[in-house]
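J.: My structure is below; once you've seen it, I'll send some questions.
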Amino acid sequence: MATVTTGLPLEILQDILHRVKCTQSDVASLCLVSRSWYFAAIEFLYEAPKFTTYTSLKVFLGSFGHRNIGFIKSLNFSGMGNEVHSDSLAQITAAYQRYNDLSPIRPPLTRLNLHGCWHISDSSLIALLTACAANLDTLVINQCEKITTCSLFVLATYSPNLRHLSLRMTRALPPSDRLHHIFKYQRLQSLDLSYCTWVMQDTLSNDISHIPTIRALYLHSCNILGPALAAFVATMPALEELDISRMMLLTDNEIAEVMRAGKRLRRVSMQWTLAGEKTVRVMAEEAEKWEAVDCEWSKIDVGHVQQMLPGARIGKLEMRIR
(Lines give C-alpha, C1' and ligand atoms only; values in the text may rest on other atoms or scores of the structure.)
Protein backbone atom coordinates (compact mmCIF):
# COMPACT_ATOMS: atom_id res chain seq x y z
CA MET A 1 0.00 0.00 0.00
CA ALA A 2 2.80 2.38 0.90
CA THR A 3 4.57 1.74 -2.41
CA VAL A 4 1.47 2.36 -4.46
CA THR A 5 0.58 5.64 -2.79
CA THR A 6 3.92 7.09 -1.69
CA GLY A 7 4.24 9.20 -4.83
CA LEU A 8 0.72 10.63 -4.66
CA PRO A 9 0.40 14.30 -3.66
CA LEU A 10 -0.85 15.05 -0.15
CA GLU A 11 -4.03 16.62 -1.56
CA ILE A 12 -4.93 13.38 -3.38
CA LEU A 13 -4.47 11.26 -0.26
CA GLN A 14 -6.59 13.66 1.78
CA ASP A 15 -9.27 13.65 -0.92
CA ILE A 16 -9.36 9.85 -0.68
CA LEU A 17 -9.93 10.08 3.07
CA HIS A 18 -12.67 12.66 2.53
CA ARG A 19 -14.52 10.27 0.25
CA VAL A 20 -14.03 7.06 2.25
CA LYS A 21 -15.71 6.61 5.62
CA CYS A 22 -13.06 5.42 8.06
CA THR A 23 -13.34 4.66 11.76
CA GLN A 24 -10.98 6.34 14.17
CA SER A 25 -9.00 3.10 14.53
CA ASP A 26 -8.71 2.86 10.71
CA VAL A 27 -7.30 6.38 10.54
CA ALA A 28 -4.87 5.59 13.37
CA SER A 29 -3.65 2.58 11.39
CA LEU A 30 -3.20 4.70 8.25
CA CYS A 31 -0.95 7.06 10.20
CA LEU A 32 1.45 4.12 10.65
CA VAL A 33 1.63 3.13 6.96
CA SER A 34 4.16 5.71 5.80
CA ARG A 35 5.17 9.32 6.25
CA SER A 36 2.92 10.31 3.34
CA TRP A 37 -0.11 8.65 4.87
CA TYR A 38 0.75 10.05 8.29
CA PHE A 39 0.64 13.65 7.09
CA ALA A 40 -2.52 12.92 5.11
CA ALA A 41 -4.40 11.15 7.93
CA ILE A 42 -3.28 12.98 11.08
CA GLU A 43 -5.79 15.77 10.46
CA PHE A 44 -8.67 13.26 10.32
CA LEU A 45 -7.43 11.43 13.43
CA TYR A 46 -7.67 14.52 15.62
CA GLU A 47 -10.46 16.46 13.89
CA ALA A 48 -13.21 15.00 16.10
CA PRO A 49 -11.74 12.37 18.45
CA LYS A 50 -14.16 9.85 19.95
CA PHE A 51 -14.00 8.41 23.45
CA THR A 52 -15.82 5.19 24.31
CA THR A 53 -13.81 3.98 27.32
CA TYR A 54 -11.67 5.46 30.06
CA THR A 55 -8.63 3.94 28.34
CA SER A 56 -9.34 5.80 25.08
CA LEU A 57 -9.75 9.04 27.04
CA LYS A 58 -6.48 8.42 28.88
CA VAL A 59 -4.64 7.69 25.62
CA PHE A 60 -6.01 10.90 24.10
CA LEU A 61 -5.00 13.03 27.07
CA GLY A 62 -1.55 11.44 26.99
CA SER A 63 -1.02 12.35 23.32
CA PHE A 64 -2.79 15.72 23.49
CA GLY A 65 -0.38 18.57 22.85
CA HIS A 66 0.16 21.81 20.97
CA ARG A 67 1.30 19.89 17.86
CA ASN A 68 -2.11 18.32 17.20
CA ILE A 69 -4.39 21.05 18.58
CA GLY A 70 -4.39 22.74 15.18
CA PHE A 71 -6.41 19.80 13.79
CA ILE A 72 -9.10 19.58 16.48
CA LYS A 73 -12.49 21.02 15.54
CA SER A 74 -14.71 19.12 17.97
CA LEU A 75 -14.25 17.72 21.47
CA ASN A 76 -17.09 15.55 22.73
CA PHE A 77 -16.79 14.20 26.27
CA SER A 78 -20.52 13.51 26.67
CA GLY A 79 -20.07 9.77 27.15
CA MET A 80 -17.29 10.16 29.70
CA GLY A 81 -18.98 12.34 32.32
CA ASN A 82 -17.73 10.41 35.35
CA GLU A 83 -14.17 10.29 34.02
CA VAL A 84 -13.71 13.97 33.11
CA HIS A 85 -12.58 16.05 36.08
CA SER A 86 -11.16 19.52 36.56
CA ASP A 87 -7.66 18.01 36.29
CA SER A 88 -8.55 16.70 32.82
CA LEU A 89 -9.63 20.18 31.72
CA ALA A 90 -6.48 21.66 33.27
CA GLN A 91 -4.34 19.31 31.16
CA ILE A 92 -6.21 20.29 27.98
CA THR A 93 -6.03 23.98 28.92
CA ALA A 94 -2.26 23.83 29.37
CA ALA A 95 -1.85 22.37 25.87
CA TYR A 96 -4.03 25.12 24.37
CA GLN A 97 -2.09 27.80 26.20
CA ARG A 98 1.15 26.37 24.81
CA TYR A 99 -0.39 26.35 21.32
CA ASN A 100 -1.45 29.99 21.68
CA ASP A 101 2.07 30.96 22.73
CA LEU A 102 3.55 29.36 19.61
CA SER A 103 0.92 30.07 16.95
CA PRO A 104 -0.58 33.34 15.70
CA ILE A 105 -3.67 31.39 14.57
CA ARG A 106 -6.40 30.87 17.13
CA PRO A 107 -7.45 27.25 17.86
CA PRO A 108 -9.94 25.91 15.27
CA LEU A 109 -12.15 24.26 17.94
CA THR A 110 -15.79 24.95 17.04
CA ARG A 111 -17.71 22.42 19.19
CA LEU A 112 -17.23 21.53 22.85
CA ASN A 113 -19.57 19.01 24.47
CA LEU A 114 -19.24 18.48 28.23
CA HIS A 115 -22.66 16.89 28.72
CA GLY A 116 -22.82 15.13 32.08
CA CYS A 117 -19.33 16.19 33.20
CA TRP A 118 -20.64 17.16 36.61
CA HIS A 119 -17.22 16.91 38.29
CA ILE A 120 -15.75 19.94 36.52
CA SER A 121 -15.50 23.21 38.42
CA ASP A 122 -16.40 26.69 37.29
CA SER A 123 -12.76 27.82 37.44
CA SER A 124 -11.51 24.92 35.30
CA LEU A 125 -14.08 25.65 32.57
CA ILE A 126 -13.26 29.38 32.67
CA ALA A 127 -9.57 28.61 32.13
CA LEU A 128 -10.35 26.30 29.21
CA LEU A 129 -12.71 28.78 27.51
CA THR A 130 -10.15 31.55 27.88
CA ALA A 131 -7.58 29.38 26.07
CA CYS A 132 -9.61 27.76 23.28
CA ALA A 133 -13.01 29.40 22.71
CA ALA A 134 -12.09 31.98 20.06
CA ASN A 135 -13.82 30.05 17.25
CA LEU A 136 -16.38 28.19 19.36
CA ASP A 137 -19.76 27.80 17.66
CA THR A 138 -21.43 25.28 20.00
CA LEU A 139 -21.11 24.65 23.74
CA VAL A 140 -22.98 21.94 25.64
CA ILE A 141 -22.66 21.99 29.43
CA ASN A 142 -25.73 19.94 30.37
CA GLN A 143 -25.76 18.67 33.97
CA CYS A 144 -22.60 20.59 34.84
CA GLU A 145 -23.93 21.48 38.27
CA LYS A 146 -20.99 23.60 39.42
CA ILE A 147 -21.02 25.96 36.46
CA THR A 148 -22.20 29.52 37.21
CA THR A 149 -22.71 32.71 35.24
CA CYS A 150 -18.98 33.43 35.65
CA SER A 151 -18.33 30.82 32.95
CA LEU A 152 -21.05 32.35 30.77
CA PHE A 153 -19.48 35.81 31.06
CA VAL A 154 -16.14 34.38 29.92
CA LEU A 155 -17.88 32.46 27.12
CA ALA A 156 -19.54 35.63 25.84
CA THR A 157 -16.25 37.51 26.03
CA TYR A 158 -14.06 34.95 24.28
CA SER A 159 -16.57 33.37 21.86
CA PRO A 160 -17.90 36.02 19.47
CA ASN A 161 -19.03 33.29 17.04
CA LEU A 162 -21.17 31.35 19.53
CA ARG A 163 -24.45 30.21 17.95
CA HIS A 164 -25.64 27.22 19.99
CA LEU A 165 -25.70 26.92 23.77
CA SER A 166 -27.16 24.12 25.89
CA LEU A 167 -27.61 24.67 29.63
CA ARG A 168 -29.98 21.73 30.17
CA MET A 169 -30.27 20.63 33.82
CA THR A 170 -27.91 23.27 35.18
CA ARG A 171 -28.65 24.43 38.71
CA ALA A 172 -26.14 27.08 39.77
CA LEU A 173 -27.55 29.83 37.53
CA PRO A 174 -29.97 31.88 39.68
CA PRO A 175 -32.79 33.72 37.87
CA SER A 176 -31.47 37.09 39.07
CA ASP A 177 -28.59 36.85 36.62
CA ARG A 178 -29.28 38.51 33.29
CA LEU A 179 -28.49 36.30 30.31
CA HIS A 180 -29.16 39.08 27.79
CA HIS A 181 -26.47 41.24 29.40
CA ILE A 182 -24.05 38.35 29.12
CA PHE A 183 -24.85 37.64 25.48
CA LYS A 184 -25.80 41.11 24.27
CA TYR A 185 -23.07 41.04 21.62
CA GLN A 186 -23.75 37.47 20.58
CA ARG A 187 -26.01 36.12 17.85
CA LEU A 188 -27.30 32.98 19.56
CA GLN A 189 -29.49 30.86 17.32
CA SER A 190 -30.43 28.01 19.64
CA LEU A 191 -30.70 27.81 23.41
CA ASP A 192 -31.59 24.77 25.52
CA LEU A 193 -32.95 25.56 29.00
CA SER A 194 -34.75 22.26 29.54
CA TYR A 195 -35.13 21.06 33.15
CA CYS A 196 -33.61 24.31 34.46
CA THR A 197 -35.43 25.09 37.70
CA TRP A 198 -34.02 28.63 37.70
CA VAL A 199 -35.89 29.48 34.48
CA MET A 200 -39.02 31.47 35.32
CA GLN A 201 -41.36 33.86 33.58
CA ASP A 202 -39.04 36.78 34.28
CA THR A 203 -36.19 34.84 32.66
CA LEU A 204 -38.13 34.90 29.39
CA SER A 205 -39.47 38.46 29.53
CA ASN A 206 -36.39 40.15 31.00
CA ASP A 207 -33.59 38.06 29.53
CA ILE A 208 -34.31 35.80 26.57
CA SER A 209 -36.62 38.30 24.84
CA HIS A 210 -33.60 40.60 24.46
CA ILE A 211 -31.80 38.00 22.32
CA PRO A 212 -33.90 38.37 19.15
CA THR A 213 -31.69 36.11 17.02
CA ILE A 214 -32.83 32.89 18.74
CA ARG A 215 -34.39 30.49 16.24
CA ALA A 216 -34.71 27.40 18.46
CA LEU A 217 -35.65 27.38 22.15
CA TYR A 218 -36.06 24.31 24.34
CA LEU A 219 -38.08 24.73 27.56
CA HIS A 220 -38.82 21.08 28.35
CA SER A 221 -40.23 20.77 31.92
CA CYS A 222 -39.90 24.49 32.74
CA ASN A 223 -42.54 26.03 35.04
CA ILE A 224 -43.90 28.92 33.00
CA LEU A 225 -47.52 30.09 32.80
CA GLY A 226 -49.33 30.17 29.46
CA PRO A 227 -50.02 33.94 29.12
CA ALA A 228 -46.39 34.78 29.88
CA LEU A 229 -45.15 32.21 27.36
CA ALA A 230 -47.50 33.47 24.62
CA ALA A 231 -46.46 37.09 25.25
CA PHE A 232 -42.80 36.08 25.09
CA VAL A 233 -43.17 34.05 21.86
CA ALA A 234 -44.87 37.04 20.21
CA THR A 235 -41.73 39.15 20.85
CA MET A 236 -39.31 36.68 19.24
CA PRO A 237 -39.09 37.57 15.53
CA ALA A 238 -36.81 34.69 14.50
CA LEU A 239 -38.22 31.83 16.63
CA GLU A 240 -38.91 28.78 14.41
CA GLU A 241 -38.57 25.84 16.80
CA LEU A 242 -40.04 25.49 20.30
CA ASP A 243 -40.07 22.66 22.82
CA ILE A 244 -42.72 22.96 25.56
CA SER A 245 -42.86 19.26 26.45
CA ARG A 246 -43.94 18.39 30.01
CA MET A 247 -45.04 21.96 30.73
CA MET A 248 -48.04 20.66 32.63
CA LEU A 249 -49.24 24.09 33.79
CA LEU A 250 -50.35 24.96 30.25
CA THR A 251 -53.95 24.35 29.23
CA ASP A 252 -55.11 23.50 25.71
CA ASN A 253 -56.32 27.09 25.19
CA GLU A 254 -53.02 28.52 26.41
CA ILE A 255 -50.96 26.26 24.14
CA ALA A 256 -53.20 27.31 21.25
CA GLU A 257 -52.41 30.97 22.03
CA VAL A 258 -48.70 30.18 22.06
CA MET A 259 -49.02 28.60 18.60
CA ARG A 260 -50.94 31.63 17.35
CA ALA A 261 -48.36 34.05 18.81
CA GLY A 262 -45.43 32.36 17.08
CA LYS A 263 -45.70 33.85 13.61
CA ARG A 264 -42.55 32.11 12.38
CA LEU A 265 -42.90 28.86 14.32
CA ARG A 266 -42.34 25.86 12.06
CA ARG A 267 -41.42 23.04 14.43
CA VAL A 268 -42.90 22.34 17.87
CA SER A 269 -42.64 19.61 20.49
CA MET A 270 -45.45 19.33 23.06
CA GLN A 271 -45.06 15.85 24.49
CA TRP A 272 -46.87 15.18 27.78
CA THR A 273 -48.92 18.38 27.65
CA LEU A 274 -52.65 19.18 27.68
CA ALA A 275 -52.56 20.23 24.02
CA GLY A 276 -55.81 19.17 22.37
CA GLU A 277 -58.43 20.07 19.78
CA LYS A 278 -58.14 23.85 20.23
CA THR A 279 -54.39 23.73 19.63
CA VAL A 280 -54.84 21.69 16.45
CA ARG A 281 -57.49 24.07 15.11
CA VAL A 282 -55.27 27.11 15.67
CA MET A 283 -52.32 25.39 13.98
CA ALA A 284 -54.58 24.42 11.06
CA GLU A 285 -55.23 28.11 10.38
CA GLU A 286 -51.73 28.20 8.87
CA ALA A 287 -51.37 24.52 8.09
CA GLU A 288 -48.86 25.04 5.29
CA LYS A 289 -46.19 26.56 7.55
CA TRP A 290 -45.75 23.58 9.92
CA GLU A 291 -42.79 21.32 9.19
CA ALA A 292 -42.61 19.07 12.27
CA VAL A 293 -44.92 18.39 15.20
CA ASP A 294 -44.22 16.11 18.16
CA CYS A 295 -47.44 15.56 20.15
CA GLU A 296 -46.74 12.15 21.67
CA TRP A 297 -48.51 11.48 24.99
CA SER A 298 -50.64 14.62 24.65
CA LYS A 299 -54.43 14.82 24.23
CA ILE A 300 -54.02 15.18 20.46
CA ASP A 301 -54.88 12.31 18.17
CA VAL A 302 -51.94 11.78 15.79
CA GLY A 303 -54.21 10.81 12.90
CA HIS A 304 -56.18 14.01 13.33
CA VAL A 305 -53.00 16.09 13.27
CA GLN A 306 -51.84 14.38 10.07
CA GLN A 307 -55.19 15.19 8.48
CA MET A 308 -55.19 18.84 9.61
CA LEU A 309 -51.48 19.47 8.96
CA PRO A 310 -50.74 17.32 5.89
CA GLY A 311 -47.32 18.87 5.23
CA ALA A 312 -45.93 18.36 8.72
CA ARG A 313 -43.73 15.48 9.79
CA ILE A 314 -45.31 13.91 12.88
CA GLY A 315 -42.75 12.47 15.28
CA LYS A 316 -39.77 13.21 17.44
CA LEU A 317 -38.24 16.65 16.98
CA GLU A 318 -34.55 16.57 16.11
CA MET A 319 -32.76 19.14 18.27
CA ARG A 320 -30.31 21.61 16.75
CA ILE A 321 -27.92 21.31 19.68
CA ARG A 322 -26.03 18.01 20.00
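The values are calculated or read from the model by the stated rules, or taken from the named source; none is laboratory data. Small disclaimer: the values here were computed from a predicted structure and weren't measured. When we count neighbours, we look across all protein chains shown, and the Cβ atoms used for this are built from the backbone with ideal geometry, even at glycine.
J.: Given the options M259, M248, name the one that is closer than 18 Å to S298 by Cβ and modelled with pLDDT under 95.
T.: The unique qualifying residue is M248.
Yes/no per residue for (1) in contact (Cβ under 8 Å) with a residue 24 or more places away in the chain; (2) among the aromatic types (F, W, Y):
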residue	(1), (2)
I12	no, no
T23	no, no
V33	yes, no
F51	yes, yes
H66	yes, no
K73	yes, no
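J.: Name the residues in the stretch 245-297 that are of a type in the set (G, A, S) and more than 13 Å from L317 (Cβ to Cβ), would you?
T.: A256, A261, G262, A275, G276, A284, A287, listed by residue number.
J.: Among the residues of the stretch 24-32, are any more than 20 Å from L109 (Cα to Cα) and not in a helix (DSSP H, G or I)?
T.: Looking for residues that are more than 20 Å from L109 (Cα to Cα) and not in a helix (DSSP H, G or I), one finds at least one in the stretch 24-32, hence yes.
J.: Additional query: Within the group D207, D192, which residue is acidic (D, E) and within 17 Å of the chain's Cα centre (by Cα)?
T.: Within the list D207, D192, the selection yields D192.
J.: Still on this model: Inside the stretch 133-170, can you point out the residues that are under 20 Å from C222 (Cβ atoms), surrounded by 17 or more Cβ atoms within 10 Å (Cβ to Cβ) and among the charged types (D, E, K, R)?
T.: Passing the criteria: only R168.
J.: May I pose another question? Quick one: which residue in A131, A95 is at pLDDT below 95, among the hydrophobic types (A, V, I, L, M, F, W, C) and touching a Phe, Trp or Tyr at 6+ places or on another chain (Cβ under 9 Å)? Working first, answer last.
T.: Values: A131 fails: at pLDDT below 95.
Going through A131, A95 in turn, just one is at pLDDT below 95, among the hydrophobic types (A, V, I, L, M, F, W, C) and touching a Phe, Trp or Tyr at 6+ places or on another chain (Cβ under 9 Å): A95.
J.: Same structure, new question: Considering only the stretch 87-105, how many residues are part of a helix (DSSP H, G or I) and either among the aliphatic types (A, V, I, L, M) or touching a His at 6+ places or on another chain (Cβ under 7 Å) (or both)? Spell out the reasoning first.
T.: Restricting attention to the stretch 87-105, the residues satisfying the condition of being part of a helix (DSSP H, G or I) are 87-102.
With either among the aliphatic types (A, V, I, L, M) or touching a His at 6+ places or on another chain (Cβ under 7 Å) (or both) added as a condition, the list becomes 89-90, 92, 94-95, 98-99, 102.
Total meeting the criteria: 8.
J.: Just to be sure before I move on: is M283 more than 24 Å from the chain's Cα centre (by Cα), closer than 29 Å to H164 by Cα and hydrophobic (A, V, I, L, M, F, W, C) in the structure I sent? Outline the logic, then answer.
T.: Numbers: more than 24 Å from the chain's Cα centre (by Cα): yes; closer than 29 Å to H164 by Cα: yes; hydrophobic (A, V, I, L, M, F, W, C): yes.
So M283 passes the test.
J.: Go through the residues of the stretch 244-267 one by one and say whether even a single one is touching a residue at least 60 places away in the same chain (Cβ under 8 Å) and crowded, with 19+ Cβ neighbours inside 10 Å.
T.: no
J.: Now, a different point. Only residues in the stretch 140-161 that are without any contact (Cβ under 8 Å) to a residue 60 or more places away in the chain and assigned to a loop (DSSP other than H, G, I, E, B) count as the first member; pair them with residues that are surrounded by fewer than 21 Cβ atoms within 10 Å (Cβ to Cβ) and acidic (D, E), Cβ under 8 angstrom, at least 6 apart or cross-chain, and list the lot.
T.: K146/D122; I147/D122; T148/D122; N161/D137
J.: If you don't mind, another one. Which of the residues that make up the stretch 181-239 are within 14 Å of V258 (Cβ to Cβ) and in a helix (DSSP H, G or I)?
T.: Q201, L204, G226, P227, A228, L229, A230, A231, F232, V233, A234
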